[in-house]
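In what follows, a structure is listed as C-alpha cells, so that the remarks can point back to it.
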Amino acid sequence: MKLATMKSAARDGELVVVSRDLGTAVRVSDIAPTLQAALDDWQRAGPQLEQVSRRLNAGSEPQAFALRQEELHSPLPRAYQWADGSAYLNHVQLVRRARGAEMPGSFWTDPLMYQGGSDSFISPRDPIEMASEDWGIDFEGEIAVITDDVPMGLSAAQAGAHIRLLMLVNDVSLRNLIPGELAKGFGFFQAKPASSFSPVAVTPDELGEAWSDGRVHLPLTVHLNGEKFGEPESGPDMIFGFPQLIAHAARTRKLAAGSIVGSGTVSNPDPDGGPGKPINEGGVGYTCLAELRMVEQILHGQARTPFMRFGDRVRIEMFDRQGHSVFGAIDQRVTRPGDAA
C-alpha cells in the first residue's frame, strides 16, 4: 500500500491512497483525514486503507483521480518525533578520516542518533530556502521508517513489528555550522534545518524481496543539477537495521505513533577498501556533497567540490529492479527566502 498527503488549507494536509504506479490516487477522509490520524488508529484504519489500495490498483475505484506529485506534501507534514541515525559507518569513517581522527570501536555496536526538528517539514517539490550560501548547504539522501506506538525498552527483535511505512529523506545539512555547534558539546540545532521526505510512503510489503533483515535492498539514486551524482546500494552496508535503530531510540522512552526514524546517509565503500569513487570514475558515487569533499580531501589534500549554491537542484529517488519509481522523487532547488523555485 502507498499513502501520501495532499497539500490543503489544513496544516496536516489530506490523506490519499496512491496507486502502485504513482499515477492515480483516491481521497480517504471517511477512513482517516490525515496520515497521523491513520497511524493513531492503525488497527482499524490500516485494513480499510488496504481495501481501497486493492481497488485502486485493480482499476475499480470510482473516486480515483490523476495524481501530480507537485501537489503532495511530505507524507507527515509535521511529526511527533524525528530521530535520525547514522547506520552507514562508511560515511562516519570518511568524516573522521578526513580530519585525521580514528573511529571509536563502540560505533560498531552502539548506533549514532540525533533528534531533529519535526515541527515542520519541507514538501518534496518545494524549494530549500536558505539565507546564505556560506552556511555550507548540503543534501543527504536517506531512508526512513514511520512507526506505530513503540513501548520503551523493547528489543530489536520486537521492534520490526512496529514499522508501518517507509519513505525517502533529504536531511538538509548546513556543514559550515556543524563544527561550531558540536564544539559546544550539545549537539545539532541550527546546522540541521527542516528536512523533506518523499512524496509517497509505502508499507514494507510493497518492496517485496527488497525488504529484508530490516533493510531496503535497492539503490538510492541522487542527481545534482541533472547529472547522476550517486547510486549506492542501500542494503549491504547498513550496519544497523531499522529494528536496531528503533530499539536504540526507545531504550529510555516510548515512541508515539507517527515517529520517524532515519537511516543516516546511504554510503558504500569501494570493493577494494578505498574511500569510494565518483560515478564518472566507475564508482557508485555519493548521496551527499560532504562525502565527495571528504574523499577529495583524503586523495588530494583539499576539497574541490563546493557546497550547494542558489539555483542548484537535487533529485533523490529509488527505483525497483524493474525501473519503477517506488516513493516518487524529492526534487528541490536551493533558493533565497521568498524567491520562486
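The values are calculated or read from the model by the stated rules, or taken from the named source; none is laboratory data. Please read all numbers here as calculations on a predicted model, not as lab measurements. The area values use the complete protein model at the heavy-atom level, side chains included, leaving out ligands, DNA and RNA. Shrake-Rupley method; radii C 1.70, N 1.55, O 1.52, S 1.80 Å.
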query: So, in Å, what gap is there between the alpha-carbon centers of the stretch 109-130 and the stretch 1-50?
result: 22 Å
message: Per residue, how much accessible surface does the stretch 44-123 expose to a 1.4 Å probe? Answer in Å², no decimals.
response: 50 Å²
query: Mind listing the phi-derived Karplus ³J(HN,Hα) values for the stretch 54-65, rounded to whole Hz, using 6.51, -1.76 and 1.60 with θ = phi - 60°, and x for any glycine or proline?
result: 4, 5, 4, 6, 8, x, 10, 9, x, 8, 5, 9
query: Comparing 60, 234, 120, which has the greatest mean-square fluctuation in the GNM of the chain with Cα pairs linked when under 10 Å apart?
result: 60
query: Cα axis of helix 89-98 to longest principal axis of the chain: angle in degrees, 0 to 90, nearest 10?
result: 30 degrees
- prompt: Ignoring ligands, DNA and RNA, what percent of the 1.4 Å accessible area of the chain is carbon and sulfur?
  reply: 48 percent
field: Angle between the chain longest axis and helix 289-300 axis [Cα atoms, degrees, rounded to 10]
entry: 20 degrees
field: Rg over Rh, two decimals, the chain (C-alpha only, Kirkwood Rh)
entry: 0.95
Expected 222 nm ellipticity per residue - DSSP helices of 4 or more, -39500 (n - 2.57), all of the chain, to 500: -5000 deg cm²/dmol
- request: Taking a cut-off of 14 Å between Cα atoms, list the aspartates and glutamates near residue 7, but don't count ones fewer than 8 places away on the same chain.
  value: 70, 71, 126
Partner lysines for residue 228 [C-alpha distance under 23 Å; skip if fewer than 8 residues away on the same chain]: 277
- prompt: Does the stretch 67-153 come out rounded, prolate or oblate, given a ≥ b ≥ c as the square roots of the eigenvalues of its C-alpha gyration tensor, rounded meaning a/c under 1.5 and, failing that, prolate meaning a/b above b/c?
  reply: oblate
